[in-house]
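These notes concern the structure reproduced below.
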Amino acid sequence: DIVFSLASDADTALLRTLPLTFTLSPGATLRCLDGANPDFRFRRRVGYEVTSQDRHWQRRYTLSFVPETDFPDTLSFDHFALNEPEHNYYTWFEPSPDGTPRNIWASGNPGFWLSRSDARPEAYPTSVSPDGRTGSALRLVTQSTGELGAAFGKPIAAGNLFVGTFDLESALLNPLAATRFGTPVNHIPTRFSGYYKWQPGAVFTDAQGQKATGPAADGKDAPRIYAVVYRNVDSRGQPVALDGSNVLTSPFVVAVALLDDFVVTGVGQHDRWQHFDLPFATRIPVDNRLLDRHGYSLTLVFTSSRGGAEFAGAVGSTLLVDDCHLAF
């Protein structure tokens, strides 16, 4: 296979009638196996057959043109800043090729600010650990929301970070709708890997703040890490955006990589980092024509309490994450 990489914003319509020049050894001949005027759009692999001058040797090749991925394949969590202009909590970004920040990450930190506006940045559910596997690490801690949060039936806030946006206006009335997942992509990943440290909090409580049995096998709290690819337009071309109510269950979901089975490692500086490597389980086929038009979105989600969206978890549950990688 011969694959040419295109700029992620290349005009792929030009691939319909792409003029190609081939240089062959003297006397050799070339035959296209897909017609006289092959169409290279939609990542189509076009076959060619080369025959030597004496006709004793033949070799077949495939040729394709594929846009470069427009989503980072390595996530170090080393690119962060305090929110502007208040400097209340941490935000994350990924650097673009030209060095400008690309704001693909969001967290529930703005919602936590509503209940505990006096908290230091390090006391928010989503913050930074200086003791990463390399550089800094993502630090997610399930925190109490205090008396105000409990009065609204939201006694805890799980640490979380995800690719998407957070709608602060929805945070109080419809929390599941506040997390809007995904950014459009032109490639579908095949594997999702990285490293974590995990320590559950002491007491798991439900949305009423009452002691309850947690989701882990031992009845304690459990975190969750997952990645989802979904179709972001419906059959009529209308936009689709998944949120906390349907990101794992929607019929628009194309593929999922999910980590639910965690090892308790401790979260101290000298505790070991646990590696994970997840395949994407495909639910529905991918349409390459739609993919070239960014008709699919990708989200990555990290949370210190699996039931955090329903305000169930253990205060103090801590998940550290670092050095994640996507294979495309």
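The values are calculated or read from the model by the stated rules, or taken from the named source; none is laboratory data. Only a predicted model underlies this, so the values are computations on that prediction, with no experimental measurement involved. Cβ: placed from backbone, ideal geometry, glycine included. Neighbour counts: every protein chain shown.
With respect to Ser115, is the statement that it is touching a Ser or Thr at 6+ places or on another chain (Cβ under 7 Å), assigned by TED's automatic domain parsing to the domain that holds Ser129 and of a type in the set (Ser, Thr, Tyr) true?
Against the criterion (touching a Ser or Thr at 6+ places or on another chain (Cβ under 7 Å), assigned by TED's automatic domain parsing to the domain that holds Ser129 and of a type in the set (Ser, Thr, Tyr)), Ser115 qualifies.
Taking the condition of being more than 24 Å from Thr205 (Cα to Cα) and in a loop (DSSP other than H, G, I, E, B), how many residues in region 136-180 meet it?
Matching residues across region 136-180 total 2.
Looking at Asp243, Asp221, which is the one that is modelled with pLDDT of 95 or more, assigned by TED's automatic domain parsing to the domain that holds Leu172 and touching a helix residue (DSSP H, G or I) at 6+ places or on another chain (Cβ under 6 Å)? Let's see the steps before the verdict.
Numbers: Asp221 fails: touching a helix residue (DSSP H, G or I) at 6+ places or on another chain (Cβ under 6 Å).
Residue meeting the stated conditions: Asp243.
Residues in region 1-35 that are polar (S, T, N, Q) and touching a helix residue (DSSP H, G or I) at 6+ places or on another chain (Cβ under 9 Å): how many?
Counting residues in region 1-35 that are polar (S, T, N, Q) and touching a helix residue (DSSP H, G or I) at 6+ places or on another chain (Cβ under 9 Å) gives 1.
Is it the case that region 63-80 has a residue that's more than 27 Å from the chain's Cα centre (by Cα) and either on the phi > 0 side of the Ramachandran plot or not assigned by TED's automatic domain parsing to the domain that holds Arg139 (or both)?
Yes - at least one qualifying residue is present in region 63-80.
Looking at Val263, Val233, Val228 in this structure, which one is closer than 24 Å to Phe77 by Cα, surrounded by 14 or more Cβ atoms within 10 Å (Cβ to Cβ) and in the same structural domain as Leu140 (by TED's automatic domain parsing)?
Values: Val263 fails: surrounded by 14 or more Cβ atoms within 10 Å (Cβ to Cβ); Val233 fails: closer than 24 Å to Phe77 by Cα.
None of the others qualify; the one that does is Val228.
Is it the case that Phe276 is closer than 21 Å to Pro189 by Cα and either free of Cβ contacts under 8 Å to residues at least 24 places away in the same chain or exposed (fewer than 15 other Cβ atoms within 10 Å of the Cβ) (or both)?
no
Which of the residues spanning region 36-95 are in contact with a strand residue (DSSP E or B) (Cβ under 6 Å, 6 or more places away or on another chain), surrounded by fewer than 17 Cβ atoms within 10 Å (Cβ to Cβ) and farther than 22 Å from Leu320 by Cα?
Within region 36-95, Arg45, Gly47, Glu49, Val50, Thr51, Gln58, Arg59, Arg60, Tyr61, Thr62, Ser64, Glu68 qualify.
Can you name the residue in region 205-226 that is of a type in the set (Val, Ile, Thr) and outside any loop (DSSP other than H, G, I, E, B) and is also farthest from Arg139 (Cα to Cα) among such residues? Give the derivation first.
Taking region 205-226 as the starting set, the residues that turn out to be of a type in the set (Val, Ile, Thr) are 205, 213, 225.
When the remaining residues are screened for being outside any loop (DSSP other than H, G, I, E, B), the result is 205, 225.
Values: Thr205: 21, Ile225: 13 Å.
Within region 205-226, the match that is farthest from Arg139 (Cα to Cα) is Thr205.
Here are some conditions: (1) farther than 20 Å from Pro155 by Cα; (2) of a type outside the set (A, V, I, L, M, F, W, C); (3) surrounded by 15 or more Cβ atoms within 10 Å (Cβ to Cβ). Ser127 meets all but one. Which one does it not meet?
(1)
Please find, within region 296-313, the residue that is surrounded by the fewest Cβ atoms within 10 Å (Cβ to Cβ) out of those that are within 17 Å of the chain's Cα centre (by Cα) and assigned to a strand (DSSP E or B).
Val301
Filter region 280-295 for residues that are in contact with a Phe, Trp or Tyr (Cβ under 8 Å, 6 or more places away or on another chain) and not aliphatic (A, V, I, L, M); which is surrounded by the fewest Cβ atoms within 10 Å (Cβ to Cβ)?
Arg289
Step by step: first the residues of region 183-194, then only those that are assigned to a loop (DSSP other than H, G, I, E, B) and either within 19 Å of Leu278 (Cα to Cα) or of a type in the set (A, V, I, L, M, F, W, C) (or both), then the one that is modelled with the lowest pLDDT. Which residue is that?
Taking region 183-194 as the starting set, the residues that turn out to be assigned to a loop (DSSP other than H, G, I, E, B) are 186-190.
If we keep only those that are either within 19 Å of Leu278 (Cα to Cα) or of a type in the set (A, V, I, L, M, F, W, C) (or both) as well, we get 187-190.
Values: His187: 93, Ile188: 96, Pro189: 97, Thr190: 97.
Once the filter is applied, the top-ranked residue is His187.
Could you grab me the full set of residues in region 238-252 that are more than 18 Å from Arg283 (Cα to Cα) and either free of Cβ contacts under 8 Å to residues at least 60 places away in the same chain or not in a loop (DSSP other than H, G, I, E, B) (or both)?
Gln238, Pro239, Asp243
Filter region 91-118 for residues that are part of a loop (DSSP other than H, G, I, E, B), without any contact (Cβ under 8 Å) to a residue 24 or more places away in the chain and closer than 24 Å to Gly149 by Cβ and give the result. So that I can check it myself, show each step before the final result.
Of the residues in region 91-118, the ones part of a loop (DSSP other than H, G, I, E, B) are 93, 96-100, 103-104, 107-108, 116-118.
Narrowing the set further to residues that are without any contact (Cβ under 8 Å) to a residue 24 or more places away in the chain leaves 93, 96-100, 103, 118.
Of everything in region 91-118, just one residue is part of a loop (DSSP other than H, G, I, E, B), without any contact (Cβ under 8 Å) to a residue 24 or more places away in the chain and closer than 24 Å to Gly149 by Cβ, namely Asp118.
Kindly provide the set of residues from region 254-274 that are outside any strand (DSSP E or B) and either within 23 Å of the chain's Cα centre (by Cα) or hydroxyl-bearing (Ser, Thr, Tyr) (or both), ordered by number. Let's see the steps before the verdict.
If we filter region 254-274 for residues that are outside any strand (DSSP E or B), which is where we start, we get 260-273.
Once the filter is applied, which keeps residues that are outside any strand (DSSP E or B) and either within 23 Å of the chain's Cα centre (by Cα) or hydroxyl-bearing (Ser, Thr, Tyr) (or both), region 254-274 yields Asp260, Asp261, Phe262, Val263, Thr265, Trp273.
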